[in-house]
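Dumping the structure here so I can ask a few things about it.
The values are calculated or read from the model by the stated rules, or taken from the named source; none is laboratory data. Bear in mind the structure is a predicted one, so any value in this text is a computation, not a measurement. Every residue, glycine among them, receives a Cβ derived from its backbone with ideal geometry; neighbour counts consider all protein chains shown.
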Amino acid sequence: MSGPLIVLVGPMGVGKSTVGELLADRLGTGYRDTDADVVATAGKPISEIFYDEGEEHFRALERQAVRAAVAEHGGVLSLGGGAVLDEATRALLADHAVVYLSMDVDEAVKRVGLNTARPLLAVNPRRKWRELMEARRHLYTEVARAVVATDERTPEEVAQAVLDALELPDAPSGRENRTMTDQAPTRIQIAGSAGTDPYEVLIGRQLLAELPTLIGERAQRVAVLHPEALAETGEAVRQDLADQGYEAIAIQLPNAEEAKTVEVAAYCWKALGQTGFTRTDVIVGIGGGATTDVAGFVAASWLRGVRWIAVPTTVLGMVDAAVGGKTGINTAEGKNLVGAFHPPAGVLCDLAALDSLPVNDYVSGMAEIIKAGFIADPVILDLVEADPQGARSPQGPHTSELIERAIRVKAEVVSSDLKESGLREILNYGHTLAHAIEKNERYKWRHGAAVSVGMVFAAELGRLAGRLDDATADRHRTVLESVGLPLTYRGDQWPKLLENMKVDKKSRGNLLRFIVLDGLGKPAVLEGPDPAVLLAAYGEVSA
Ligand SMILES: NC(=O)c1ccc[n+]([C@@H]2O[C@H](COP(=O)([O-])OP(=O)(O)OC[C@H]3O[C@@H](n4cnc5c(N)ncnc54)[C@H](O)[C@@H]3O)[C@@H](O)[C@H]2O)c1
Ligand SMILES: O=C(O)C(=O)C[C@@H](O)[C@H](O)[C@H](O)COP(=O)(O)O
């Protein structure tokens, strides 16, 4: 019979979403969650449906969602914890490959028992939880073809047990994924400094399962900030966290630089205030650099600082924006002029996210990778030059190595100088002009494109100041152009750009300061360059 390959049922917090997504990935199919369908149909969270219309109404919506999903969906499906209470819903599951993910009552109480956001657990959660588990167990068993215990098993182990129980082999593409999935993520340590805690950047696949560990047990509420482009992901993560027992809200931000405004930050503050966000609660920023910059800034400013976790979904976010704790927003006067140093509690770089990234955004991130190559790790340049086309795609042969190398460069720098009192300025290579261009373009240019022009300018500045050799300066043009990044900007804009550069954060009084290279991998500061040299360097990037 057609319909879902697998239907997962089981109590809230058992990990249906996490396991369901893993299974979908392994089987090379899609994942669907009827709770998410109900929320989308009703236009409000489940807790509000319960509160406003009552449980009966919710069960009717849920029944409709299950009916539609078993008819339309051919992948992995998971149902809300109480779906099996409804007789008609149970009938809809007949003849489907239903798996009951079970957990021990004590384990359940430990995982979600004290979460008062759950509509059915609001009063005396411990006792209620036990009652619910006892009342529902026979119903789960009634609809299930197999029972898989989740206690003391990782989500990957549970997923494997489900496949074994149903005797389902992985799809060929799923097998490939499984190899990646089962590989332990690469972990890069960032040292704590200036009174901040150390943290790790994880690079791999299926990393969202790490979120609850990072969020920790003290948090009751989690706000998931995501851009419009990742609405589905944001809601899926929110739902998953809700399933784990957190009171999870999603806050949708505009895409790209439109998110980096004080109005958007204020909108987030309002949402946090209305949710009763306290100092033990946690913000999760899922998206590109613009999203994580705002998420981090909101975390830095709310109650003077709450914990936050970065889940970068762009190349640029992974190698740069999400790492290092610079957070902030733009103002009419310039780029990133308001912000704070507020490191995340962890960074999850899930390489699978890059598959949906438009190529221009992917290539924009290459500018920051190439920057890391010029200032510290020339092997990056060799890898890009060996296969420029591959460097434009997540399927390129060196993708994970390029990302990892760039992160290591940044990790080393920010570990020793979080607050940019010296060494960290080298990460600003190419950024003085880049930010001036971005402001001039009213933040419509991609950051990486502006950084590309900015680096060619900085290389020319170094060459004209007698500090950089011709070959290394020329190499900027060839490597950046080879991946499709721009090298020039409008010649008539120099006076405006010069004005914009005066508010660069590296300026001191009236002194303009630039990062230049004294050679490959040898960044240094150039202070107060001769205006004629500056103009001449600009002449080299003028279109
Ligand atoms: N804090 C720092 O240290 C730091 C470092 C470098 C850059 N930045 C900032 O980062 C920003 C640029 O970041 P960016 O290049 O990631 O751009 P971005 O955040 O603007 O994202 C680019 C676009 O891709 C969309 N998107 C994100 N992930 C996606 C995915 N997986 N699939 C499909 N679409 C997706 C976004 O919604 C957006 O429309 C700039 O504001 C820059 O100033 C900050
Ligand atoms: O992390 C840093 O430090 C950087 O300078 C990294 C830059 O690539 C990044 O664009 C950063 O946001 C720029 O910071 P700003 O202080 O110049 O706004």
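In the range 298-326, what residues are touching a strand residue (DSSP E or B) at 6+ places or on another chain (Cβ under 7 Å), basic (Lys, Arg) and more than 10 Å from ligand 1 (Cβ to nearest atom)?
Listed by number, the list holds a single entry, Arg307.
Residues that are acidic (Asp, Glu) and away from ligand 1 (no atom under 16 Å from the Cβ): which helices (runs of 4 or more DSSP H) entirely in the range 411-521 hold 3 or more of them?
Of the helices (runs of 4 or more DSSP H) lying wholly inside the range 411-521, those with at least 3 residues that are acidic (Asp, Glu) and away from ligand 1 (no atom under 16 Å from the Cβ) span 470-482.
Is there a residue being within 30 Å of Cys349 (Cα to Cα), assigned to a helix (DSSP H, G or I), at pLDDT below 90 and not aromatic (Phe, Trp, Tyr) anywhere in the range 117-139?
Scanning the range 117-139, I find no residue that is within 30 Å of Cys349 (Cα to Cα), assigned to a helix (DSSP H, G or I), at pLDDT below 90 and not aromatic (Phe, Trp, Tyr), so the answer is no.
For (1) of a type in the set (D, E, K, R); (2) closer than 23 Å to Val409 by Cβ; (3) within 16 Å of ligand 2 (Cβ to nearest atom); (4) in contact with an Asp or Glu (Cβ under 7 Å, 6 or more places away or on another chain), each residue gets a yes or a no:
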| site | (1), (2), (3), (4) |
| --- | --- |
| Lys419 | yes, yes, yes, no |
| Gly430 | no, yes, yes, no |
| Leu464 | no, no, no, no |
| Leu480 | no, yes, yes, no |
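When the residues of the range 390-417 are filtered to those that are among the hydrophobic types (A, V, I, L, M, F, W, C) and within 14 Å of ligand 2 (Cβ to nearest atom), which remaining residue is nearest to the chain's Cα centre (by Cα)?
Ile407
Among the listed residues Leu253, Leu272, identify the single one that is away from ligand 2 (no atom under 16 Å from the Cβ), modelled with pLDDT of 95 or more, within 28 Å of Ile369 (Cβ to Cβ) and in contact with a helix residue (DSSP H, G or I) (Cβ under 7 Å, 6 or more places away or on another chain).
Unique residue meeting the criteria: Leu253.
Condition check ((1) more than 17 Å from Tyr140 (Cα to Cα); (2) in contact (Cβ under 8 Å) with a residue 12 or more places away in the chain) across all residues:
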{"residue": "Asp37", "(1), (2)": "yes, yes"}
{"residue": "Thr41", "(1), (2)": "yes, yes"}
{"residue": "Phe50", "(1), (2)": "yes, yes"}
{"residue": "Glu53", "(1), (2)": "yes, no"}
{"residue": "Gly74", "(1), (2)": "yes, yes"}
{"residue": "Gly81", "(1), (2)": "no, yes"}
{"residue": "Ala91", "(1), (2)": "no, no"}
{"residue": "Val99", "(1), (2)": "no, yes"}
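Can you work out which of the residues in the range 320-336 that are among the small types (Gly, Ala, Ser) and touching a Lys or Arg at 6+ places or on another chain (Cβ under 7 Å) is modelled with the highest pLDDT?
As a first pass, look at the range 320-336 and keep what is among the small types (Gly, Ala, Ser): 321-322, 324-325, 328, 332, 334.
Still in the list and also touching a Lys or Arg at 6+ places or on another chain (Cβ under 7 Å): 324, 334.
Numbers: Gly324: 98, Gly334: 94.
Here the answer is Gly324.
Something else: How many of the residues making up the range 298-321 are without any contact (Cβ under 8 Å) to a residue 60 or more places away in the chain and buried (at least 24 other Cβ atoms within 10 Å of the Cβ)?
The total comes to 7.
Against the definition (crowded, with 16+ Cβ neighbours inside 10 Å, under 18 Å from the mean Cα position of the chain (by Cα), β-branched (Val, Ile, Thr) and modelled with pLDDT of 95 or more), how does Thr181 come out, yes or no? Let's see the steps before the verdict.
Details: crowded, with 16+ Cβ neighbours inside 10 Å: yes; under 18 Å from the mean Cα position of the chain (by Cα): yes; β-branched (Val, Ile, Thr): yes; modelled with pLDDT of 95 or more: no.
Spelling it out, it is not the case that Thr181 is crowded, with 16+ Cβ neighbours inside 10 Å, under 18 Å from the mean Cα position of the chain (by Cα), β-branched (Val, Ile, Thr) and modelled with pLDDT of 95 or more.
Suppose the filter is modelled with pLDDT of 90 or more and assigned to a loop (DSSP other than H, G, I, E, B); does Asp170 pass it? Reasoning before the result, please.
Values: modelled with pLDDT of 90 or more: no; assigned to a loop (DSSP other than H, G, I, E, B): yes.
Taking the combined requirement at face value, the residue does not satisfy it.
Quickly run through the range 259-297 and pick out the residues that are buried (at least 17 other Cβ atoms within 10 Å of the Cβ), in a loop (DSSP other than H, G, I, E, B) and more than 8 Å from ligand 1 (Cβ to nearest atom).
Across the range 259-297, the qualifying residues are Thr261, Phe277, Asp281.
Still on this structure, I have one more. Specify which of the listed residues (Ala434, Ala449) is among the aliphatic types (A, V, I, L, M) and more than 23 Å from the chain's Cα centre (by Cα).
Working: Ala449 fails: more than 23 Å from the chain's Cα centre (by Cα).
Sole residue among the options that is among the aliphatic types (A, V, I, L, M) and more than 23 Å from the chain's Cα centre (by Cα): Ala434.
Looking at (1) surrounded by 20 or more Cβ atoms within 10 Å (Cβ to Cβ); (2) in contact (Cβ under 8 Å) with a residue 40 or more places away in the chain, which one does Glu62 not meet, given that it meets all the others?
All conditions pass for Glu62, except number (2).
Quick check on my filter: what residues within the range 77-96 are buried (at least 21 other Cβ atoms within 10 Å of the Cβ) and more than 21 Å from Leu61 (Cβ to Cβ)?
None - no residue of the range 77-96 is buried (at least 21 other Cβ atoms within 10 Å of the Cβ) and more than 21 Å from Leu61 (Cβ to Cβ), so the list stays empty.
Conditions (1) under 25 Å from the mean Cα position of the chain (by Cα); (2) within 16 Å of Ala144 (Cβ to Cβ), marked per residue:
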{"site": "Pro4", "(1), (2)": "no, yes"}
{"site": "Gly10", "(1), (2)": "no, yes"}
{"site": "Val14", "(1), (2)": "yes, yes"}
{"site": "Ser17", "(1), (2)": "yes, no"}
{"site": "Gly28", "(1), (2)": "yes, no"}
{"site": "Tyr31", "(1), (2)": "yes, no"}
{"site": "Gly54", "(1), (2)": "no, no"}
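What residue, of Tyr51, Tyr31, is touching a helix residue (DSSP H, G or I) at 6+ places or on another chain (Cβ under 9 Å), aromatic (Phe, Trp, Tyr) and surrounded by fewer than 17 Cβ atoms within 10 Å (Cβ to Cβ)? Don't jump to the end; show me each part of the working.
Values: Tyr31 fails: surrounded by fewer than 17 Cβ atoms within 10 Å (Cβ to Cβ).
Only one candidate passes the filter, namely Tyr51.
Still on this structure, I have one more. Please work out which residue is farthest from ligand 1 (Cβ to nearest atom), limiting yourself to the range 330-356 and to residues that are in contact with a Leu (Cβ under 8 Å, 6 or more places away or on another chain) and under 21 Å from Ile437 (Cα atoms). Steps first, answer last, please.
Within the range 330-356, the subset in contact with a Leu (Cβ under 8 Å, 6 or more places away or on another chain) is 330-331, 341, 343, 345-350.
Then keep just the ones that are under 21 Å from Ile437 (Cα atoms); that gives 330-331.
On the way: Asn330: 8, Thr331: 13 Å.
By that ranking, first place goes to Thr331.
Moving on to the next point. Can you pull out every residue in the range 141-163 that is surrounded by fewer than 20 Cβ atoms within 10 Å (Cβ to Cβ), in a helix (DSSP H, G or I), touching a residue at least 40 places away in the same chain (Cβ under 8 Å) and touching a strand residue (DSSP E or B) at 6+ places or on another chain (Cβ under 7 Å)?
Thr141
Using beta carbons and a limit of 8 Å, which pairs, at least six apart or on different chains, have the first residue in the range 407-427 and more than 19 Å from His342 (Cβ to Cβ) and free of Cβ contacts under 8 Å to residues at least 40 places away in the same chain and the second one assigned to a loop (DSSP other than H, G, I, E, B) and more than 14 Å from ligand 1 (Cβ to nearest atom)?
Filtered contacts from the range 407-427: Val409/Ala376; Val409/Asp377; Glu412/Ala376.
OK, next. In the range 353-379, what count of residues is obtained for those that are β-branched (Val, Ile, Thr), farther than 15 Å from Asp320 by Cα and buried (at least 24 other Cβ atoms within 10 Å of the Cβ)? Quick ask: steps written out before the conclusion?
Residues of the range 353-379 β-branched (Val, Ile, Thr): 359, 363, 369-370, 375, 379.
Narrowing further to those that are farther than 15 Å from Asp320 by Cα: 359, 379.
Add one more test, that the residue is buried (at least 24 other Cβ atoms within 10 Å of the Cβ), and what stays is none.
Counting residues in the range 353-379 that are β-branched (Val, Ile, Thr), farther than 15 Å from Asp320 by Cα and buried (at least 24 other Cβ atoms within 10 Å of the Cβ) gives 0.
Something else: Output yes when any residue across the range 96-115 is at pLDDT below 95, of a type in the set (Gly, Ala, Ser), outside any loop (DSSP other than H, G, I, E, B) and farther than 25 Å from Ala223 by Cα, and no when none is. Please lay out each step first, then the result.
Initial filter on the range 96-115 (at pLDDT below 95): 96-115.
So of that shortlist, the ones also of a type in the set (Gly, Ala, Ser) come out as 97, 102, 108, 113.
Pick out the ones that are also outside any loop (DSSP other than H, G, I, E, B) and you get 102, 108.
Filter again for farther than 25 Å from Ala223 by Cα, leaving 102.
The answer is yes; a qualifying residue exists.
How many residues does the range 193-221 contain that are of a type in the set (Gly, Ala, Ser) and without any contact (Cβ under 8 Å) to a residue 24 or more places away in the chain? Break it down stepwise before answering.
Taking the range 193-221 first, the residues of a type in the set (Gly, Ala, Ser) are 193-195, 204, 209, 216, 219.
After this cut, where a residue has to be without any contact (Cβ under 8 Å) to a residue 24 or more places away in the chain as well, the list is 195.
Residues in the range 193-221 being of a type in the set (Gly, Ala, Ser) and without any contact (Cβ under 8 Å) to a residue 24 or more places away in the chain: 1 in total.
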